[in-house]
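What follows is a single structure, written as C-alpha cells, with notes after it.
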Amino acid sequence: MQLEDIAAIKKVEEEAWEQLQKTILYYQGRPVGTVAALDGSVDSLNYDQCFVRDFASSALLFLIKGQTDIVRNFLEETLKLQPKNNQLDAYKPGQGIMPASFKVVSRDGEEYLEADFGEHAIARVTPIDSCFWWLIILRAYVVATKDYSLVYQPEFQKGIGLILELCLATRFDMYPTLLVPDGACMIDRRLGIYGHPLEIQSLFYAALRAAREMLICHGNQDLVIAIDNRLPILRAHIRKHYWIDIKRLNAIYRYKGEEYGKEAINQFNIYVDSLPYYELDKWLPKKGGYLAGNVGPSQLDTRFFSLGNLMAIICDLATEEQSQAIMTLIEKRWEDLVGNMPMKITFPALENEEYRLITGCDPKNIPWSYHNGGSWPVLMWMLAAAAIKTNRVCIAERAISVAQLRLQEDEWPEYYDGKRGRLIGKQARKYQTWTIAGLLLAKEMIKEPSNLSLVNFEPFTIEEASRACEFEIDSFDA
C-alpha cells in the first residue's frame with residue numbers, strides 16, 4: 001500500500017470518528033445514544049431519534065474505545081421506557097417490549113424522553129428486534145466493563161424477565177422459532193418475511209444466550225428452565241430445516257407432498273415447483289451453503305438474508321461446518337452479495353409481478369433498492385465478526401478495502417442501490433450513523449480480534465448451565 005493510500009485511509013477514520021461524535025444525543029446533560037443520521041439537506045422525520053437497533057454498532061464501538069458511560073446511560077434510560085404493566089388498549093405497547101426509538105422533547109423547561117414503539121412508524125410496524133438488540137448490548141456492556149452490579153439490579157433483572165416472558169409465552173405455534181409479522185426487524189417494510197424469518201431467529205437465539213448469562217437464577221427458575229429447554233431445540237430446528245446446500249437441495253428436489261404423520265420426511269409440505277431449483281443449482285458453489293430466509297407451512301424462502309446468516313455464525317446458531325460454507329458462499333458469489341459496496345441485505349431482489357404483489361408496489365423497495373436487494377454498509381461489522389469467527393479474515397479485509405474510501409466520498413449514505421451497489425440509494429440519508437459506526441467497528445474488530453467477545457459466546461452445554469444455576473442459588477441462600 002502506497003503512502004498516499006495510507007494517508008487517505010487515516011483521513012477517512014478521523015472524519016468518521018468526528019462525525020460519530022456529532023451524532024451523540026444528550027438528555028439532561030448526559031449522553032444517552034446516537035441519532036440515526038445527520039443529513040441536514042432533508043427533513044429529519046424520525047432520523048433525529050435514537051433507534052435501538054441502530055445504536056448497537058455504535059454501542060459496541062464505544063465500549064471498545066472505553067466510552068462506556070454512554071452505553072450505560074442508554075441501557076438505563078431505555079429500560080425506563082419499557083412498559084411494565086399489561087395494557088388493556090390493544091393500540092398501546094405490550095408489557096416488556098422495547099421501543100424502536102426515542103427522542104428528547106422539552107415541555108415547560110423540562111426534558112423528557114419520548115418513545116416510539118412503532119405507533120408513529122411508516123406502516124405502524126412493531127419493533128420485535130429491539131428487545132433482542134437491547135439484551136445483546138447489555139451483555140456486551142457487562143463483558144466490556146465487568147460491571148455485574150448493573151445487570152444484577154432488580155430493575156434490570158425485571159426488565160430481562162419481562163422480555164423473556166414476552167418471547168417465551170404460550171402461543172398458537174408448534175415450532176421453537178418465533179412467529180412475527182412483516183416489518184418486525186431491520187427489514188421494516190413488507191418484503192414477504194411474515195412467519196419465522198431467519199433474522200429474528202438468529203437475534204432471538206443470541207438474545208436468549210445473552211439473557212441466560214445475565215439472569216440471576218434465584219427467583220427466576222422458571223425462566224431459566226424455559227431458556228434451557230428452548231435453546232437446544234431452536235438451534236437444532238434452524239440447523240436442520242433452514243439449511244440449504246447442494247446435498248440438501250437434492251433431497252428437497254425429490255420430496256413427496258401431502259405426507260401425514262410422524263414419519264413424514266417433507267414435514268413442512270414444501271411443494272417442489274415453488275422453488276427456483278435451476279437458479280440455485282447454478283448459484284450454489286460445491287462447498288457453499290446458507291440458511292434459508294424463512295421456513296413454514298408450504299414455505300421455504302430461498303433468498304439469502306445477510307444479517308440472519310452472519311449473526312447465526314457469530315452466536316453459534318450455525319454449526320462450524322455450516323459457518324464455513326456460508327463464508328465460502330460469500331467469497332464465491334462476491335459480485336452478487338458484496339459487489340462494489342458491502343453488502344446486500346438480501347439476494348436476489350423481488351422483481352416484476354413478484355415485487356408488485358409481495359411488497360405492495362412499495363416505491364422505496366423497488367428491485368435492487370433499500371431492503372429489496374439494496375446494499376447496507378452497516379452489515380460490514382457483522383461480516384468482519386463472522387470472518388474472525390471462521391478464521392477467514394481476508395474476506396472482511398477485502399470488503400473494507402472496497403468500501404472505506406468510497407463511503408467518505410459519498411458522505412456516508414444509509415444504503416446503496418443496484419445489482420452491484422454502485423448507486424447511492426435513491427432515498428438514502430447522508431451521514432447515516434450506523435454506516436459510519438459499521439465501518440469503524442469492522443476495522444476495530446480486524447485490528448483486535450479479541451473484541452469479538454462482545455458479541456460471541458463460549459460453547460456451553462445445558463448441563464453446565466444447570467450446574468451454574470445451582471451454584472448461584474446456593475450462593476444466594478448462603
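Would you point out which residue out of Glu111, Glu76, Glu119 is at pLDDT 90 or above and either in a loop (DSSP other than H, G, I, E, B) or loosely packed, with under 13 Cβ neighbours inside 10 Å (or both)?
On the way: Glu76 fails: either in a loop (DSSP other than H, G, I, E, B) or loosely packed, with under 13 Cβ neighbours inside 10 Å (or both); Glu119 fails: at pLDDT 90 or above.
The match here is Glu111.
Restricting attention to the stretch 169-196, and to residues there that are aromatic (Phe, Trp, Tyr) and in contact (Cβ under 8 Å) with a residue 12 or more places away in the chain, which single residue is most open to solvent (accessible area, probe 1.4 Å)?
Going residue by residue through the stretch 169-196, those that are aromatic (Phe, Trp, Tyr) are 172, 175, 194.
This time we only want the ones that are in contact (Cβ under 8 Å) with a residue 12 or more places away in the chain, so: 175, 194.
Working: Tyr175: 57, Tyr194: 132 Å².
If we take residues in the stretch 169-196 being aromatic (Phe, Trp, Tyr) and in contact (Cβ under 8 Å) with a residue 12 or more places away in the chain, then Tyr194 is most open to solvent (accessible area, probe 1.4 Å).
Being over 16 Å from the mean Cα position of the chain (by Cα), closer than 30 Å to Ile345 by Cβ, surrounded by 23 or more Cβ atoms within 10 Å (Cβ to Cβ) and not aromatic (Phe, Trp, Tyr): is that true of Ile233 here? Break it down stepwise before answering.
Values: over 16 Å from the mean Cα position of the chain (by Cα): yes; closer than 30 Å to Ile345 by Cβ: yes; surrounded by 23 or more Cβ atoms within 10 Å (Cβ to Cβ): no; not aromatic (Phe, Trp, Tyr): yes.
In short, no.
So which of Ile270, Ile330, Ile326 ends up being touching a residue at least 24 places away in the same chain (Cβ under 8 Å) and under 16 Å from Ser202 (Cα atoms)?
Going through Ile270, Ile330, Ile326 in turn, the sole match is Ile326.
Can you tell me which residue is farthest from the chain's Cα centre (by Cα) among those in the stretch 254-299 that are among the aromatic types (Phe, Trp, Tyr) and under 17 Å from Thr346 (Cα atoms)?
Filtering the stretch 254-299 for residues that are among the aromatic types (Phe, Trp, Tyr) and under 17 Å from Thr346 (Cα atoms), the one farthest from the chain's Cα centre (by Cα) comes out as Trp283.
If I filter the stretch 249-263 for residues that are surrounded by 13 or more Cβ atoms within 10 Å (Cβ to Cβ) and in contact (Cβ under 8 Å) with a residue 40 or more places away in the chain, do I get at least one hit?
Applying the first criterion (surrounded by 13 or more Cβ atoms within 10 Å (Cβ to Cβ)) to the stretch 249-263 yields 249, 252, 255.
Going one step further and asking which of them are in contact (Cβ under 8 Å) with a residue 40 or more places away in the chain, we end up with 252.
Within the stretch 249-263, one or more residues are surrounded by 13 or more Cβ atoms within 10 Å (Cβ to Cβ) and in contact (Cβ under 8 Å) with a residue 40 or more places away in the chain.
Being open to solvent by less than 10 Å² (accessible area, probe 1.4 Å), of a type in the set (Phe, Trp, Tyr) and closer than 25 Å to Tyr194 by Cα is the filter here, so list the residues in the stretch 338-389 that pass it.
Trp376, the sole residue that qualifies.
Would you point out the residue of the stretch 122-168, among those that are in contact with a helix residue (DSSP H, G or I) (Cβ under 8 Å, 6 or more places away or on another chain) and in a loop (DSSP other than H, G, I, E, B), that is least open to solvent (accessible area, probe 1.4 Å)? It would help to see each step written out before you state the result.
Restricting attention to the stretch 122-168, the residues satisfying the condition of being in contact with a helix residue (DSSP H, G or I) (Cβ under 8 Å, 6 or more places away or on another chain) are 127-145, 147-148, 150-151, 155-157, 159-161, 163-168.
This time we only want the ones that are in a loop (DSSP other than H, G, I, E, B), so: 127, 147, 168.
On the way: Pro127: 3, Asp147: 29, Leu168: 34 Å².
Among those that are in contact with a helix residue (DSSP H, G or I) (Cβ under 8 Å, 6 or more places away or on another chain) and in a loop (DSSP other than H, G, I, E, B), it is Pro127.
Let me spell it out: the conditions are (1) touching a residue at least 60 places away in the same chain (Cβ under 8 Å); (2) open to solvent by 20 Å² or more (accessible area, probe 1.4 Å); (3) in contact with a Ser or Thr (Cβ under 9 Å, 6 or more places away or on another chain); (4) outside any helix (DSSP H, G or I), and Gln95 meets all of them except one. Which number is the exception?
(3)
Within the set of pairs 6+ apart or on separate chains, which have a first residue in the stretch 126-143 that is of a type outside the set (Phe, Trp, Tyr), a second that is open to solvent by 10 Å² or more (accessible area, probe 1.4 Å) and assigned to a loop (DSSP other than H, G, I, E, B), and C-beta atoms under 6 Å apart?
If the second residue must be open to solvent by 10 Å² or more (accessible area, probe 1.4 Å) and assigned to a loop (DSSP other than H, G, I, E, B), the pairs left are Pro127/Ala100; Ser130/Ala100.
State the number of residues belonging to the stretch 298-330 that are among the acidic types (Asp, Glu) and assigned to a helix (DSSP H, G or I). Write out each step before concluding.
First pass over the stretch 298-330, keeping only residues among the acidic types (Asp, Glu): 301, 316, 320-321.
From what is left, the residues that are assigned to a helix (DSSP H, G or I) are 320-321.
Qualifying residue count for the region: 2.
The values are calculated or read from the model by the stated rules, or taken from the named source; none is laboratory data. Because the structure is predicted, anything quoted here is derived from the model rather than measured. In this analysis, Cβ positions are derived from the backbone assuming ideal geometry, glycine residues included, and neighbour counts consider all displayed protein chains. To get the accessible areas, we keep the full protein, side chains included, count just its heavy atoms, and leave off ligands, DNA and RNA. Shrake-Rupley method; radii C 1.70, N 1.55, O 1.52, S 1.80 Å.
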